[in-house]
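Below is one structure; the comments refer to it alone.
The values are calculated or read from the model by the stated rules, or taken from the named source; none is laboratory data. Owing to the predicted nature of the structure, the values given are computational and were not obtained by experimental measurement. Note: ideal-geometry Cβ built from the backbone for every residue, glycine included; neighbour counts use all protein chains shown.
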Amino acid sequence: MKILKNNLKSKLNIRTENNYPIEGVEFVDITPLIIDKANFNEIMDLFYEELKDKEIDYIVAPEARGFLFGSGIANRLGIGLIPIRKKGKLPPSSVESTFSYEKEYGKDYLEIPKLLNESYKDKKIYLIDDIYATGNTLNSIKEELIKLGSTIVGEGVLLNIKELNNNKDIFSIIDINES
């Protein structure tokens, strides 16, 4: 793993696991990074600094690790969090939309919850996740929210694996190449 950009002043605590969850995949584990309170606080501060002047109605974050950053940032900004769940995790009557996406190692389904007493139309959304690899997760969420009438005002991740994508518009705290 080659670090291309690291905005953290604290110690960079990342580990990798080869052949997980399937043969041929190098899993980037951010758990040690967020266990350390100085790192975690600094990550939240960096996200907040990036977003504090943007006009945002909701933070949208996919499970599970996107929740870690999305909820903290939404709280700091004083706005709501829309958690994107895996199919079957929301009660059927609370699902606005179900859609599929391709992961590095297979196909999966996500669901967008219904908003109470309002629609997604004209809502300003900022997407947050932990890792951006191929971009399929965030791109599929973005496409679905646009279909529902939302405006995507930006995307941010803790870690961007640059060699697997060419998204130059995403905010990232750390950029790496796998090789």
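Annotation note: of K11, K5, the sole residue that is loosely packed, with under 14 Cβ neighbours inside 10 Å, in contact with a helix residue (DSSP H, G or I) (Cβ under 8 Å, 6 or more places away or on another chain) and not in a helix (DSSP H, G or I) is K11.
Table: residues versus (1) out of contact with any Phe, Trp or Tyr (no Cβ under 8 Å at 6 or more places or on another chain); (2) crowded, with 16+ Cβ neighbours inside 10 Å; (3) of a type outside the set (A, V, I, L, M).
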| site | (1), (2), (3) |
| --- | --- |
| G66 | yes, yes, yes |
| G78 | yes, no, yes |
| I84 | yes, yes, no |
| V95 | yes, yes, no |
| T98 | no, no, yes |
| E102 | yes, no, yes |
| P113 | yes, yes, yes |
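Out of I73, I112, one residue alone is outside any strand (DSSP E or B), among the hydrophobic types (A, V, I, L, M, F, W, C), at pLDDT 95 or above and touching a helix residue (DSSP H, G or I) at 6+ places or on another chain (Cβ under 8 Å). It is I73.
Just one of the numbered conditions (1) within 25 Å of L164 (Cα to Cα); (2) in a loop (DSSP other than H, G, I, E, B); (3) in contact (Cβ under 8 Å) with a residue 12 or more places away in the chain; (4) not hydrophobic (A, V, I, L, M, F, W, C) is not true of E23: (3).
For E155, indicate whether it is under 25 Å from I35 (Cα atoms), among the acidic types (D, E), modelled with pLDDT of 95 or more and buried (at least 16 other Cβ atoms within 10 Å of the Cβ).
Working: under 25 Å from I35 (Cα atoms): yes; among the acidic types (D, E): yes; modelled with pLDDT of 95 or more: yes; buried (at least 16 other Cβ atoms within 10 Å of the Cβ): yes.
When the stated conditions are applied, E155 passes them.
A Cβ distance below 8 Å, combined with a sequence gap of six or more or placement on separate chains, defines the contacts here; from segment 164-175, residues that are over 9 Å from G135 (Cα atoms) reach residues that are outside any loop (DSSP other than H, G, I, E, B) and among the acidic types (D, E) in the pairs D169/E155; I170/E155; F171/E50; F171/E155. Quick check: is even one residue across segment 136-156 in contact with a helix residue (DSSP H, G or I) (Cβ under 8 Å, 6 or more places away or on another chain), under 24 Å from S172 (Cβ atoms) and acidic (D, E)? Taking every residue of segment 136-156 in turn, at least one turns out to be in contact with a helix residue (DSSP H, G or I) (Cβ under 8 Å, 6 or more places away or on another chain), under 24 Å from S172 (Cβ atoms) and acidic (D, E).
In this structure, is Y120 out of contact with any strand residue (DSSP E or B) (no Cβ under 6 Å at 6 or more places or on another chain), modelled with pLDDT of 95 or more and surrounded by 15 or more Cβ atoms within 10 Å (Cβ to Cβ)? Break it down stepwise before answering.
Details: out of contact with any strand residue (DSSP E or B) (no Cβ under 6 Å at 6 or more places or on another chain): yes; modelled with pLDDT of 95 or more: yes; surrounded by 15 or more Cβ atoms within 10 Å (Cβ to Cβ): yes.
Taking the combined requirement at face value, the residue satisfies it.
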